[in-house]
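What follows draws every value from the coordinates through simple rules; no lab data is involved. Source: prediction; values computed, not measured. When we count neighbours, we look across all protein chains shown, and the Cβ atoms used for this are built from the backbone with ideal geometry, even at glycine.
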Amino acid sequence: MGAKDIFIIAGENSGDLHGSNLVRELLKMNPELRITGFGGEQMKQAGTHLLANIVDRLAIIGLTGIIKNAERLYRLYRKAVKFFDEVKPAAVVLIDYPGFNFKIMKAARKRNIPVIYYIMPQVWAWHHSRIYTLKEQTARLLVVFPFEKNMCDTYNIEQARYVGHPLLDVINLTMTREQVFEKFNLDPKRKLIGLLPGSRKPEIDRLLPGMLGAAERIQKAMPDVQFVLPRASSIKQELIQYYLSASDVDVKVVDAFRYNVRNAMDFALVKSGTSTLETAILGCPMVIVYKVSFLAWIIAKSLVKLPYIGLVNIVAGEMIVPELLQDEATPMNIADKTLELLGDEKRLENVRYALQKVTEKLGGPGASRRAAEQVLEVVK
């Protein structure tokens, strides 16, 4: 195949993670590839020449985030188009992030550059009309859930390929529960509850105060619990400490071995998104919490076609863990749902079993390698 150029974009923390693993697999299969694009530190470490770090410096949530960052997004768009015109890459790989990536996709196709979309945008929840755009504009559509492949088959999208979910490649446990408790000075006799408020500042601002308020209530009702917060690398320690300093509950913040710590948790309060799937794979019961701006919520309510918002429940096809959204996501409601589950061991067992079934639906390990093979099929 020789030296060819690939342009890749991931605009969020999870996309950066999956993009980095894809890049590693691509370079393993063809070390002569030149991979350039927009992403984050993980993609850079994997071997991507970053033209812009948009994961750490451009956290966008909802319509208001797009409007606020419109000028910066336009500059990035122009930078990508300039690269397309000057280098003419063999392919463009887009990872989720549809608000921006759909514009890039159209610019690439206009220049006859094949587009591979990896991790399909959630068109099944939002814009069914976008499925036609993906059908027309992509050379490959790499989907990570079986129901997405079924949807693509319904719409006769012949270029769709089911590769499985790449999370199964990245959750690598290196410590036992006992080792986690010892390393982070946790009490093995007390239940461990995790707080997972997200990986972007607006999520922390909206969700962490409510989670801490819930933690205070939980601790009053169950004194034998302890709390841990595995901090995402994209979130500054100072931001977490700002909220912790206003709380009466003691929370252990950990910056390393995050999957090992999460594997040691008995229960978790989790922001809706990829983190719910990670928590499910680790077999940890949870309450899903989510808040967005008022405008984004009104728009979402009018567009979302699904009965659930949490990926765990969507994959399961039923409500297996509670969801508290927007005005429902109060400290009292979060605490009540948590205490309700923690007080019913039989129900907890049923949840763990259902989470195991969800994990089985994500395909086996090797998704990043399978995705890389599909990219190279297009590039050659």
Quiz item: Karplus couplings for the stretch 135-146 from phi (6.51 cos²θ - 1.76 cosθ + 1.60, θ = phi - 60°), rounded to Hz, Gly and Pro as x?
Solution: 4, 7, 9, 9, 8, 9, 10, 9, 9, 10, 10, x
Self-check item: the chain: translational diffusion in µm²/s, Stokes-Einstein, Kirkwood Rh over Cα pairs, 10 °C, 1.306 mPa s
Solution: 74
Quiz item: How do 333-341, 82-90, 285-293 rank on mean C-beta neighbours within 10 Å, highest first?
Solution: 285-293, 333-341, 82-90
Practice problem: Rank-order 255-268, 25-38 by packing density, defined as the average count of other C-beta atoms within 10 Å over each peptide's residues, highest first. | Solution: 255-268, 25-38
Exercise. Starting from the Cα of ASP250, step 7 Å along the direction of its Cβ; do the same at LYS28; then give the gap between the two resulting points in nm.
Key: 4.3
Quiz item: Which order, highest average first, do 97-105, 159-167 follow once you tally other Cβ atoms within 10 Å for each residue and take the mean per peptide?
Solution: 159-167, 97-105
Quiz item: Which FRET efficiency value, to the nearest 0.05, do you get for ASN69 and GLU328 by plugging their Cβ-Cβ distance into 1/(1 + (r/R0)^6) with R0 = 30 Å?
Solution: 0.55
Self-check item: Charge-dipole axis of the chain as Lys and Arg at +1 and Asp and Glu at -1 on Cβ define it, positive-most pick from THR174, PHE83, ALA215
Solution: PHE83
Exercise. Using the Karplus curve 6.51 cos²θ - 1.76 cosθ + 1.60 with θ = phi - 60°, work out ³J(HN,Hα) for each residue of the stretch 368-380 in order, rounded to whole Hz, and write x for Gly and Pro.
Key: 5, 5, 5, 5, 4, 4, 5, 4, 5, 4, 6, 5, 5
Quiz item: Rg to Rh ratio, the stretch 177-360, alpha-carbon atoms and Kirkwood radius?
Solution: 0.94
Quiz prompt | Mean-position separation - Cα centroids, the stretch 226-259 and the stretch 71-89, in angstrom | solution = 37
Quiz prompt | Pairwise label distance in nanometres, GLU136 with ARG347, each label 7 Å out on the Cα-Cβ vector | solution = 4.8
Quiz item: Can you give the angle from 0 to 90° between the axis of helix 98-110 and the longest principal axis of the chain, with both taken from C-alpha atoms, to the nearest 10?
Solution: 10
Practice problem: With springs only between Cα atoms under 10 Å apart, run a GNM on the chain and tell me which of LYS252, LYS110, LYS44 wobbles the most. | Solution: LYS110
Quiz item: Helix 294-303: angle to the longest alpha-carbon principal axis of the chain, degrees 0 to 90, nearest 10?
Solution: 70
Exercise. Specify the angular offset, from 0 to 90 degrees and rounded to the nearest 10, of the alpha carbon long axis of helix 201-221 from the longest principal axis of the alpha carbons in the chain.
Key: 20
Self-check item: Alpha carbon centroid spacing (whole Å) that separates the stretch 303-377 from the stretch 176-203
Solution: 19
Quiz item: Rounded to the nearest 500, what is the chain's calculated 222 nm mean residue ellipticity when only DSSP H runs of at least 4 contribute -39500 (n - 2.57) each, over all residues?
Solution: -15000 deg cm²/dmol
Self-check item: From phi via Karplus (6.51, -1.76, 1.60), per-residue ³J(HN,Hα) for the stretch 330-342 in Hz, x at Gly/Pro
Solution: 8, x, 5, 5, 4, 5, 4, 5, 5, 5, 4, 6, 5
